[in-house]
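Structure record follows, encoded as structure tokens.
The values are calculated or read from the model by the stated rules, or taken from the named source; none is laboratory data. Bear in mind that the values here come from a model prediction, so they are computed numbers and not experimental data. Note: ideal-geometry Cβ built from the backbone for every residue, glycine included; neighbour counts use all protein chains shown.
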Amino acid sequence: MNLALRAIGIATLASLSLVTLALADRNATTIQAATVERTSNGNALIRWQSSPSNAPVDVFLQFPGEQQLRRASRSDRDGQHELDAEESARRPLVHLTTDTGLSFTTAERLLPLQRGRNFRDLGGYRTVDGQRVKWGKIYRSGTMTHLTEADYEFLSTLGIRVICDFRANEEREREPTEWKANGSQVDYRSRDYLSESGLRALFENGAPNAQSVRATMLELYGELPYTHAPSYRTMFESLAAGDAPLAFNCSAGKDRTGVAAALLLTMLGVPREIVAEDYALSEKVVDYEAEYSRPSEIKSSKPNPFAFIAKLPAEVRAPLMRSDPEYIRTALRHIEQREGSIDAYFERVLNISKAQQQAIRNLLLEPASTNLVAKTSKTMH
């Protein structure tokens, strides 16, 4: 064979190899989506969508505070696996591993707490550049004053280092956060301010209806990124310094906290429709009508700043209880109209530099899929 023919043959073999690799990649199993949700019997059900749909998937569990992975199911083809009561109570990270060794990580978003209010993990959301928010690094919540000993036993496994409390002085005095997680050195961060509620003023100075309450809520959401900028700055500075896992909260866990979550997810590159979906999830996991329409169970000499809510007719109260996606869209649009962009808000209003923003992304983002072959070979059971 002359050199020219030999060169052609080598080139042909190389091309065939590339085609083979491309076909292999195209035919490799991928996990496209996965969730962990509670069932009617209280267990947690893992569901996933793979391509191809009946491809074998290994299910590994990683419990809080542990590096070891435990295989829960091998070559599972039906797209679901139910955790038993003990496994569900511990809320593991779930690693769904394909035949290529690529692993898709998911977890139950709402923490399995007896008396938590909207305490959930912000992990798992995909970003526009194909990354994913890490699970177990950032949590959002409502008031923590009702947490039980069992709740704190569970929270002790999460390693939360910082709590950023967005509530006003009278809220914190009436419902204090007394963190009891064993072995946790928690840095509790709050600021001194007195609440000034346009909603309360509306209710005290007239006869509000559902339309006027919703209009006031939309106005309120336009103001929240500015009236609570000092609190949000503290949260972002903490994350930029690497202080995580971090939890942030207000009273309901949906308004001041909802804006903070939307700002953070936007900084991380999560699409706005997903940001709005996360915000709207609050009313799906908390019955705010029940929480705020009944008399408070707190026995305190401090006045209840939300007592006026229980006195309102249900139809007037309804917009106040909502996690209407339009509320959070209004907050973000208002920032863009006032500052020109969300990035400008971070820099000019919160004084969070581009370098700090990148540090936060480095802390909280990871590739959407990771290779667990080496890790599972040493730790799987």
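Would you be able to say whether some residue in region 143-157 is closer than 22 Å to Ala33 by Cα and of a type in the set (Phe, Trp, Tyr)? Can you show your working first?
Kept after step one, since they are closer than 22 Å to Ala33 by Cα, are these residues of region 143-157: none.
Checking region 143-157: not a single residue is closer than 22 Å to Ala33 by Cα and of a type in the set (Phe, Trp, Tyr).
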Original post:
Here are some conditions: (1) surrounded by fewer than 16 Cβ atoms within 10 Å (Cβ to Cβ); (2) at pLDDT 90 or above. Tyr221 meets all but one. Which one does it not meet?
Top reply: (1)
Original post:
Across region 303-323, what is the number of residues that are part of a loop (DSSP other than H, G, I, E, B) and closer than 15 Å to Val286 by Cα?
Top reply: 2
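Quick one: is Leu102 modelled with pLDDT of 95 or more and more than 16 Å from Glu37 (Cβ to Cβ)?
Numbers: modelled with pLDDT of 95 or more: no; more than 16 Å from Glu37 (Cβ to Cβ): yes.
Taking the combined requirement at face value, the residue does not satisfy it.
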Original post:
From the residues in region 185-208 that are among the acidic types (Asp, Glu) and modelled with pLDDT of 90 or more, which one is surrounded by the fewest Cβ atoms within 10 Å (Cβ to Cβ)?
Top reply: Asp192
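Taking region 103-123, which residues are without any contact (Cβ under 8 Å) to a residue 40 or more places away in the chain and buried (at least 20 other Cβ atoms within 10 Å of the Cβ)?
So the first thing to find is which residues in region 103-123 are without any contact (Cβ under 8 Å) to a residue 40 or more places away in the chain, and the list is 114-116, 121, 123.
Answer for region 103-123, where residues must be without any contact (Cβ under 8 Å) to a residue 40 or more places away in the chain and buried (at least 20 other Cβ atoms within 10 Å of the Cβ): Gly116, Asp121, Gly123.
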Subject >> Residue check for Leu332: in the same structural domain as Asp278 (by TED's automatic domain parsing), in contact (Cβ under 8 Å) with a residue 60 or more places away in the chain and within 19 Å of Ile138 (Cβ to Cβ) >> reply: yes
**OP:** Spot the failing condition for Glu173; the list is (1) charged (D, E, K, R); (2) without any contact (Cβ under 8 Å) to a residue 40 or more places away in the chain; (3) not in a loop (DSSP other than H, G, I, E, B), and only one is missed.
**Re:** (2)
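Please count how many residues of region 117-149 are more than 24 Å from Val270 (Cβ to Cβ) and part of a strand (DSSP E or B). Reasoning before the result, please.
Of region 117-149, the ones more than 24 Å from Val270 (Cβ to Cβ) are 143-149.
Narrowing further to those that are part of a strand (DSSP E or B): none.
Of the residues in region 117-149, 0 are more than 24 Å from Val270 (Cβ to Cβ) and part of a strand (DSSP E or B).
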Original post:
If Gln211 passes every condition in (1) at pLDDT 90 or above; (2) surrounded by 14 or more Cβ atoms within 10 Å (Cβ to Cβ) but one, which one does it miss?
Top reply: (2)
Subject >> Candidate set from region 324-374 (those that are in a helix (DSSP H, G or I) and of a type in the set (Ser, Thr, Tyr)); member that is surrounded by the fewest Cβ atoms within 10 Å (Cβ to Cβ) >> reply: Thr330
Subject >> Qualifying position, being over 21 Å from Arg233 (Cα atoms), in contact with a Ser or Thr (Cβ under 7 Å, 6 or more places away or on another chain) and crowded, with 18+ Cβ neighbours inside 10 Å, among Arg167, Arg174 >> reply: Arg174
**OP:** Hey, could you check region 47-73 for residues that are in a loop (DSSP other than H, G, I, E, B) and touching a strand residue (DSSP E or B) at 6+ places or on another chain (Cβ under 7 Å) and say which is surrounded by the fewest Cβ atoms within 10 Å (Cβ to Cβ)?
**Re:** Pro56
**OP:** Please identify the pairs in which a residue from region 230-256 that is without any contact (Cβ under 8 Å) to a residue 40 or more places away in the chain has its Cβ atom under 6 Å from the Cβ atom of a residue that is in a loop (DSSP other than H, G, I, E, B) and surrounded by fewer than 20 Cβ atoms within 10 Å (Cβ to Cβ), counting only partners at least 6 apart or on another chain.
**Re:** Pro230/Arg191
Original post:
Among the residues of region 75-102 satisfying the criterion of being assigned to a strand (DSSP E or B) and crowded, with 19+ Cβ neighbours inside 10 Å, which is nearest to the chain's Cα centre (by Cα)?
Top reply: Leu93
Original post:
Residue check, Asp76 against (1) touching a residue at least 60 places away in the same chain (Cβ under 8 Å); (2) in contact with a strand residue (DSSP E or B) (Cβ under 8 Å, 6 or more places away or on another chain); (3) more than 28 Å from Lys284 (Cα to Cα), all met but one. Which one?
Top reply: (1)
Original post:
Hey, any hits in region 231-241 for a residue that's of a type in the set (Gly, Ala, Ser) and not in a helix (DSSP H, G or I)?
Top reply: yes
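Only one residue in Thr100, Thr145, Thr127 is at negative phi and not assigned by TED's automatic domain parsing to the domain that holds Pro245. Which one? Spell out the reasoning first.
Values: Thr145 fails: not assigned by TED's automatic domain parsing to the domain that holds Pro245; Thr127 fails: not assigned by TED's automatic domain parsing to the domain that holds Pro245.
Only one candidate qualifies: Thr100.
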**OP:** Identify, by number, the condition in (1) under 30 Å from Asn54 (Cβ atoms); (2) in a loop (DSSP other than H, G, I, E, B); (3) not hydrophobic (A, V, I, L, M, F, W, C) that Gln114 doesn't meet.
**Re:** (1)
